[in-house]
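Below is one structure; the comments refer to it alone.
None of the figures in this text is laboratory data; all of them are computed from the coordinates on show. In this text the structure is predicted, and so the values were computed from the model without any measurement. FYI the Cβ positions are ideal-geometry reconstructions off the backbone, even for glycines, and counts take in every protein chain you see.
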Amino acid sequence: MLKTLITEKELAKRIKELGSELTEYYKPKTDTIHAVCVLKGAIHFFTELVKNIDLNVEYSFIHVSSYTGTESSGKIRVKSWIDEPIEGKHVLVVEDILDTGLTLSYILGYLQRYKPADLKVVSLLKKKGKNPEVDADFIGFEIEDKFVIGYGLDYDEKFRNIPFVGYLE
């Protein structure tokens, strides 16, 4: 049975707040940021977030994965990578969920090689009680250690289109 963890209304409100926080952070530094969406899970979050950032936002998409079913495989699979130069740019990685931090650690290590002026992470969700390899600079919600679905998050490619964050009981 599908249970709601975070409603559509709660998501919209918090994402609007995150947009303001990010605008405040970046405004004194730059008028343009380069947002990198981590596909596929962060797509809905990314789409809403960038509309709430009051700056010029360039878009990039990377497609990496470490999950099979409900478990992290521990192996990072890169399916596609950014194709725009980010050297000297203010880069914001937009992630869906921070759990072990393995995928994010890989992404950040790789992006650092391109010498961005600034590299920050915003994650919609962070699991409580976890000690990830890297942390997010901006976090939407801290949640219990449950396997969550909806709002871009999936279970074997299903449930991504649910408009809220939920879990299967």
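Too long at a 28 Å Cα-Cα cut-off: which of 3/27; 27/158; 40/115; 127/158; 27/79; 29/158? Pairs exceeding 28 Å: 3/27; 27/158; 27/79; 29/158. Seen from residue 96, the other residues with C-beta closer than 11 Å to its C-beta sum to a net charge of 0, counting Lys and Arg as +1 and Asp and Glu as -1.
Ordering 28, 52, 101 by the projection of their Cα atoms onto the charge dipole of the chain, which places +1 on the Cβ of Lys and Arg and -1 on the Cβ of Asp and Glu, puts 101 at the extreme positive end.
Extension gain for residue 134 to residue 24 (0.36 nm times residue separation, less C-alpha to C-alpha distance): 37.3 nm. Measuring max minus min along each principal axis, the C-alpha atoms of the chain give extents of 47, 35, 27 Å (largest first).
Between 0 and 90 degrees, the angle of helix 8-26 with respect to the longest Cα principal axis of the chain falls at about 20 degrees.
Listed by chain and number, the aspartates and glutamates whose C-alpha is less than 20 Å from the C-alpha of residue 51, apart from same-chain residues fewer than 8 away, are 8, 10, 17, 21, 24, 31, 95, 96, 137. Extension gain, residue 117 to residue 160, is 12.2 nm, computed as 0.36 nm per intervening residue step minus the present C-alpha separation. Across the range 93-98, coupling constants 3J(HN,Hα) worked out from phi with the 6.51/-1.76/1.60 Karplus curve, θ = phi - 60°, read 8, 9, 10, 7, 8, 10 Hz, and Gly and Pro carry x.
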